[in-house]
1. For Ala104, indicate whether it is within 27 Å of Ile217 (Cβ to Cβ) and assigned by TED's automatic domain parsing to the domain that holds Thr229.
2. Can you name every residue in the stretch 28-40 that is surrounded by 10 or more Cβ atoms within 10 Å (Cβ to Cβ) and of a type in the set (S, T, N, Q)?
3. Evaluate the following for Ala264: is it exposed (fewer than 15 other Cβ atoms within 10 Å of the Cβ) and part of a helix (DSSP H, G or I)?
4. Criterion first (within 16 Å of the ligand (Cβ to nearest atom) and part of a loop (DSSP other than H, G, I, E, B)) does Ala106 satisfy it?
5. Could you pull out the residue among Phe74, Phe17 that is part of a loop (DSSP other than H, G, I, E, B), over 37 Å from the mean Cα position of the chain (by Cα) and either aromatic (Phe, Trp, Tyr) or within 30 Å of Pro254 (Cα to Cα) (or both)?
6. Of all residues in the stretch 41-60, count the ones that are under 13 Å from Asn239 (Cα atoms) and either within 16 Å of the ligand (Cβ to nearest atom) or open to solvent by 50 Å² or more (accessible area, probe 1.4 Å) (or both).
7. Could you check how many residues of the stretch 111-130 are over 16 Å from Ala140 (Cβ atoms), within 15 Å of the ligand (Cβ to nearest atom) and crowded, with 18+ Cβ neighbours inside 10 Å?
8. Report, by residue number, each residue of the stretch 167-226 that is under 16 Å from Ala337 (Cα atoms), surrounded by fewer than 22 Cβ atoms within 10 Å (Cβ to Cβ) and free of Cβ contacts under 8 Å to residues at least 60 places away in the same chain.
Amino acid sequence: MTHPATTATRGGHVPPFSTPPSAPAIYMTTAFDLPGLAEFEEVLAGREPGYFYTRVENPNHEAFTHDVARLEGFEHGVACASGMGALSAAVLSVVKTGDHIVCARAIYGSTHQFLLQLQASFQVNVTFVDLNDLESVRKAIRPSTRMMICESVSNPLLEVTDLQALRQIVGSSIILLVDNTFATPCGIRPKDYGADIVWHSASKYLNGHGDVMLGVIVGGEEAMRKARTSMLLYGLNANPMECWLATRGLRTLPLRMARVTQTAQQLAHWLATHPRVKKVFYPGLTSHSTHQLAQKYLQDRFGGMISIEIEGGASEIDTIFHKLAPAIPFSPTLADARTTVSYPAGTSHKFMAAKDREACGVTAGIFRLSVGLEDFEDLRQELDRALTPTG
Ligand SMILES: *Cc1c(COP(=O)(O)O)cnc(C)c1O
């Protein structure tokens, strides 16, 4: 019998059992015990299945990346602490000082900021291009171009990228990294059109319940081996608990996407007829600038995001947000189970220079609706009340 101090310290008994659980276990552990140095070498070299340190790998990371990779048609993936962590792991494993990146002009604000930071601090050259003008992409490519970054469906105006044409233009030696956060693999699988790395903010649809901060990249073996090295050296690793939650969320992704698409489609048609609304941005509407590309790439899986332009600016939108709350809250995220609204010009795209922001169409009169799983008629009435001027 050991003393209580020793008995207590050596607790954490893992009971052996052979009945598999209906849900995976959560491995909230810093490290894994190894019988000896030889076994450590075997695990390190990947010859024996096993783990040794959670910053490097953990069963929950593997469970999550395995499921995302399969949905996206790849075999390998790396989970990171956030979407931005996953972008960092991908980009920093490819480019060095003096290299060049081409990036879509209509892009998530932090992606834009990240690339500018890379340019200022490490002299990685960046050119932003308008994907509606593919000739400008061709012109932007240099011998030093290593990466092309774009979104399959852009934030927040929902422009669908012609991935097939883009792949042809950039050729085979440039790594094509596609942010598939908005479309999800239920909308489009960028790999089918030649993407090398598919990137997600898993804080959004993949998890889908507004309770996780997580990112993931999936791709081929070589690209993911390099990205994993960046992930573990820069300390971008995900938390096992977040991976576990998002793995659970993934199980209902197709159902959730079908539901939000159906409701968003109905809301977009109705909003387009609303007297207060100047313009509705939804790829499923024939009025959308990339509706034809949407039909080609998404078919009818247009997703749950709608951007709405009204007459006026921040103060009119602020009034609408106050009227929508608490039923539909202003929450600077998207893809929660509940419907939320956000204001791109003041949140996700706030730190873009005003001219860049306007160039990608993010004007002061636009707010974004992330359609959730509620009943269509309830949402329609709540939106109608908030959009209808009082007094
Ligand atoms: C939220 C988001 C990101 C960043 O992901 P985080 O998880 O917030 O780091 C990247 N791209 C798009 C399209 C996003 O919506």
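The values are calculated or read from the model by the stated rules, or taken from the named source; none is laboratory data. All of these numbers come straight from a predicted model, not from anything done at the bench. Glycine also receives a Cβ, built like all others from the backbone with ideal geometry; neighbour counts cover every protein chain displayed. Areas reflect the complete protein model, heavy atoms only, side chains present, ligands, DNA and RNA absent. Shrake-Rupley method; radii C 1.70, N 1.55, O 1.52, S 1.80 Å.
1. Numbers: within 27 Å of Ile217 (Cβ to Cβ): yes; assigned by TED's automatic domain parsing to the domain that holds Thr229: yes.
Yes.
2. Thr29
3. On the way: exposed (fewer than 15 other Cβ atoms within 10 Å of the Cβ): no; part of a helix (DSSP H, G or I): yes.
Against the criterion (exposed (fewer than 15 other Cβ atoms within 10 Å of the Cβ) and part of a helix (DSSP H, G or I)), Ala264 does not qualify.
4. Values: within 16 Å of the ligand (Cβ to nearest atom): yes; part of a loop (DSSP other than H, G, I, E, B): yes.
So Ala106 passes the test.
5. Working: Phe74 fails: over 37 Å from the mean Cα position of the chain (by Cα).
Residue meeting the stated conditions: Phe17.
6. Initially, the stretch 41-60 is screened for residues under 13 Å from Asn239 (Cα atoms), giving 53-60.
Within this subset, residues satisfying the condition of being either within 16 Å of the ligand (Cβ to nearest atom) or open to solvent by 50 Å² or more (accessible area, probe 1.4 Å) (or both) are 53, 55.
Residues that pass the stated criteria total 2.
7. Going through the stretch 111-130 one residue at a time, the tally reaches 2.
8. Scanning the stretch 167-226 gives a single hit, Asp211.
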